[in-house]
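Comments concern the structure below.
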Amino acid sequence: DQQVKQNSPSLSVQEGRISILNCDYTNSMFDYFLWYKKYPAEGPTFLISISSIKDKNEDGRFTVFLNKSAKHLSLHIVPSQPGDSAVYFCAASAQGAQKLVFGQGTRLTINP
Amino acid sequence: SQTIHQWPATLVQPVGSPLSLECTVEGTSNPNLYWYRQAAGRGLQLLFYSVGIGQISSEVPQNLSASRPQDRQFILSSKKLLLSDSGFYLCAWTGTDTQYFGPGTRLTVL
């Protein structure tokens, strides 16, 4: 039972354009959502999070949008840079930052 | 500042051999600790978590076990490795608003 799904295994975007990564969840108890970035052979690094009391959170080039009725969240990266090429995981929890449930990841490639 | 260490970085083991992976956290006390596994082409699967010394919760029945002998030490073990145990193992601890991950251990079982 995949409670958090990232349906796009890969995404290719031109440098300078917007990257949009999507994530869907099924468990209505989830109230905290996070995005991580992962390079090969390294641990994931935290990017941005959002609580269910908000529908948007921004941090520099990264913005996360949450649509609770659709059980959908997205990460926008503007403008996309070559260093953004990595695998991006969304994660969700019903207990703050405890016991995260991760999606399968989306490999983002930024083309020069 | 807090740091998390994992070793070894890579490991190649034969089927049926034992396993011990270690994780230590510095700069924080009484952290909640986690073991995750990323299998090839898959997401991160939570294996174990611990809220204190000697307290282990298992999320997925499997060939692995975990122990927490000290406040900032978390160990992942197996008595006999299976081919399906191959993967990238990650240790994490929970901060105020996120989990922080270690560098990971790449385990290949042959």
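The values are calculated or read from the model by the stated rules, or taken from the named source; none is laboratory data. Quantities reported herein were computed from a predicted structural model and do not represent experimental measurements. Neighbour counts are summed over all protein chains in view; Cβ atoms, including those assigned to glycine, are modelled from backbone coordinates with ideal geometry.
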task = Keeping to the stretch B:25-43, report how many residues are small (G, A, S), within 12 Å of chain A (Cβ to nearest Cβ) and closer than 18 Å to A:A97 by Cα.
result = 1
query = For the subset of the stretch A:90-112 comprising residues that are in a strand (DSSP E or B) and at the interface with chain B (Cβ under 7 Å from one of its Cβ atoms), which member is surrounded by the fewest Cβ atoms within 10 Å (Cβ to Cβ)?
reply = A:Q98
message = If I ask for residues that are in contact (Cβ under 8 Å) with a residue 60 or more places away in the chain and β-branched (V, I, T), which ones from the stretch B:61-110 would you list?
response = B:T94, B:T105, B:T108, B:V109
ask   = Can you tell me which residues in the stretch B:31-43 are more than 17 Å from B:I56 (Cα to Cα) and under 12 Å from the mean Cα position of the chain (by Cα)?
value = B:Q38
request  = Of all residues in the stretch B:1-30, count the ones that are closer than 14 Å to B:C91 by Cβ and more than 14 Å from the chain's Cα centre (by Cα).
outcome  = 4
task = Among the numbered conditions (1) touching a strand residue (DSSP E or B) at 6+ places or on another chain (Cβ under 6 Å); (2) in contact (Cβ under 8 Å) with a residue 12 or more places away in the chain, tell me where B:A40 comes up short.
result = (1)
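Does the stretch A:14-25 contain at least one residue that is at pLDDT below 95 and more than 17 Å from A:Q2 (Cβ to Cβ)?
As a first pass, look at the stretch A:14-25 and keep what is at pLDDT below 95: none.
No, the stretch A:14-25 contains no residue that is at pLDDT below 95 and more than 17 Å from A:Q2 (Cβ to Cβ).
Can you tell me how many residues in the stretch B:12-62 are farther than 21 Å from B:K79 by Cα and basic (K, R)? Steps first, answer last, please.
First, the residues of the stretch B:12-62 that are farther than 21 Å from B:K79 by Cα: B:24-33, B:40-44, B:51-53.
Next, only the ones that are basic (K, R) stay: B:42.
Result for the stretch B:12-62: 1.
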ask   = For the stretch A:78-95, which residues satisfy the criterion of being without any contact (Cβ under 8 Å) to a residue 60 or more places away in the chain and in contact with a Leu (Cβ under 9 Å, 6 or more places away or on another chain)?
value = A:S85, A:A86, A:V87
ask   = Do you know which of the residues in the stretch B:58-107 that are exposed (fewer than 14 other Cβ atoms within 10 Å of the Cβ) and within 14 Å of another protein chain (Cβ to nearest Cβ) is farthest from B:L33 (Cα to Cα)?
value = B:V60
